[in-house]
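Everything below concerns the one structure shown next.
The values are calculated or read from the model by the stated rules, or taken from the named source; none is laboratory data. Being a predicted model, the structure only gives us computed values, none of them experimental. Cβ atoms come from the backbone with ideal geometry, glycine included; neighbour counts cover every protein chain shown.
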């Protein structure tokens, strides 16, 4: 079974939802047969690279909250994170373009280190005093995740490296009807939106497992040379 | 789109079919949006580790061919390989248990080096005078594919490392009705058996692309906290 998770590093409910999903997955009997893939989603795809702002200021200026309301929202998220055992820094948190982080996460995917880098990037952004919008921080995170430092640097230096992969993920999110994150897709059959309680993930995994369709493949091409366990490698006689 | 290819290192039509598929893929307009995954399939799942035999002897003893027929079969495969630009050694080729190679290919998958290792293993087995049934050769191939040597050694030393992943692939092949390899599955909707000409792969890719279903996901779970591009991170009011 395959679970795809669309998320953004700048999204606190993605940070929390990832851990809630993992707790649900840990309780799922067939967890060894679940493959998890992280997919890119930018909350602000138009944001210019390098332009960062304080999260509190964005909540006030862009979404019309009072400073008190904004602080209460952050405190609510922090309480939810802490209830899951996650660190959460209460102030100084920035937001900015996450495009480069997503490109780097695609390199990490290609190198089998995607979950490692994503976990470190979330922690840096939400729990530590490190800006994921700073290239030196990103390079340090890449190295901590086990990526080759030169390869990570080359990806960050080339704005088109893995850019198509980020855009393809975002196009797929749109095709699947996802307009907010985190968004979890099980075997392209079930969708789960938001940082749900872990029980919801357990239930969804069990449901998707039980309902696994018996796949009947349409056949393309005629007979062709193949090797089978019950005979040598046969070439069909035309 | 996702293409899964079930194959065995000991299967010459898998070696040839891989290259024919890649030629077809290279002609496919949406090739950048195709993800290829290699899956395990043992032609002889019961074969004891370490017990190798000459391929010609197996064709004679197990499949009742005369020595001349067996030599003609090998020559036919060699001609097909060479027509695709692949090397093929005409004699001395061994067969044996491929379970450890498949386990190592799963490590390579986890590290983003699966295609590299598979390509090298095929070449060693079919074109070079190297036995992929020899642990030292496997370790050398792993290093050439960019894997960490210590990690590869640890996997080979532990017979259960990635063993479940090999068996899960084989179970899925059976569920999908594959009883010979290579077996290509496009988006779990189309199946292509055997080392087909590359045009068949182009046609299959185009068909699967055109027929991509509009996925409608069933929803699991109620409203939950999420972040959307058109607002802050909202917690639904219960």
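Among the residues of region B:86-98, is any out of contact with any strand residue (DSSP E or B) (no Cβ under 7 Å at 6 or more places or on another chain), in a helix (DSSP H, G or I) and modelled with pLDDT under 95? No: zero hits. In region A:137-154, the condition of being farther than 30 Å from residue B:148 by Cβ and either surrounded by fewer than 16 Cβ atoms within 10 Å (Cβ to Cβ) or touching a strand residue (DSSP E or B) at 6+ places or on another chain (Cβ under 7 Å) (or both) is met by no residue. Summed over region B:66-81, residues that are facing chain A (nearest Cβ under 8 Å) and in contact (Cβ under 8 Å) with a residue 12 or more places away in the chain total 3.
The listed residues are B:177, B:194, and the only one of them that is surrounded by fewer than 16 Cβ atoms within 10 Å (Cβ to Cβ), over 30 Å from residue A:17 (Cβ atoms) and touching a strand residue (DSSP E or B) at 6+ places or on another chain (Cβ under 8 Å) turns out to be B:177.
This table checks each residue for (1) within 19 Å of residue A:130 (Cβ to Cβ); (2) within 20 Å of the chain's Cα centre (by Cα).
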residue	(1), (2)
A:25	no, yes
A:34	no, yes
A:44	no, yes
A:60	no, no
A:64	no, no
A:77	yes, yes
A:85	no, yes
A:101	yes, yes
A:113	yes, yes
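Exactly one residue out of B:43, B:59 is farther than 18 Å from residue B:119 by Cβ, surrounded by 21 or more Cβ atoms within 10 Å (Cβ to Cβ) and in contact (Cβ under 8 Å) with a residue 40 or more places away in the chain, and it is B:43.
Could you tell me whether residue B:48 is within 30 Å of residue A:168 (Cβ to Cβ), out of contact with any helix residue (DSSP H, G or I) (no Cβ under 6 Å at 6 or more places or on another chain) and part of a loop (DSSP other than H, G, I, E, B)? In short, no. Whether a residue is in a strand (DSSP E or B) and within 11 Å of another protein chain (Cβ to nearest Cβ) was assessed, and residue A:13 does not pass this test.
If the condition is being within 29 Å of residue B:176 (Cα to Cα), part of a loop (DSSP other than H, G, I, E, B) and within 8 Å of another protein chain (Cβ to nearest Cβ), then region A:178-213 contributes A:188, A:189. The lone criterion from (1) more than 20 Å from residue A:164 (Cα to Cα); (2) touching a residue at least 24 places away in the same chain (Cβ under 8 Å); (3) over 15 Å from the mean Cα position of the chain (by Cα) left unmet by residue A:90 is number (2). When the residues of region A:115-166 are filtered to those that are out of contact with any helix residue (DSSP H, G or I) (no Cβ under 7 Å at 6 or more places or on another chain), assigned to a loop (DSSP other than H, G, I, E, B) and within 26 Å of residue A:77 (Cα to Cα), which remaining residue is nearest to the other protein chains (Cβ to nearest Cβ)? Only one residue fits best here, namely A:133. Within region B:217-230, residues that are over 12 Å from residue A:178 (Cβ atoms) and facing chain A (nearest Cβ under 7 Å) reach partners that are surrounded by 13 or more Cβ atoms within 10 Å (Cβ to Cβ) and modelled with pLDDT under 85 with beta carbons closer than 6 Å, at six or more positions or on different chains, in the pairs B:225/B:235. Among the residues of this structure, residue B:108 does not count as one that is in a loop (DSSP other than H, G, I, E, B), within 14 Å of the chain's Cα centre (by Cα) and surrounded by 22 or more Cβ atoms within 10 Å (Cβ to Cβ). Residues in region A:16-58 that are in contact with a strand residue (DSSP E or B) (Cβ under 9 Å, 6 or more places away or on another chain) and under 14 Å from residue A:105 (Cβ atoms): A:18, A:36, A:37, A:38, A:39, A:40, A:41.
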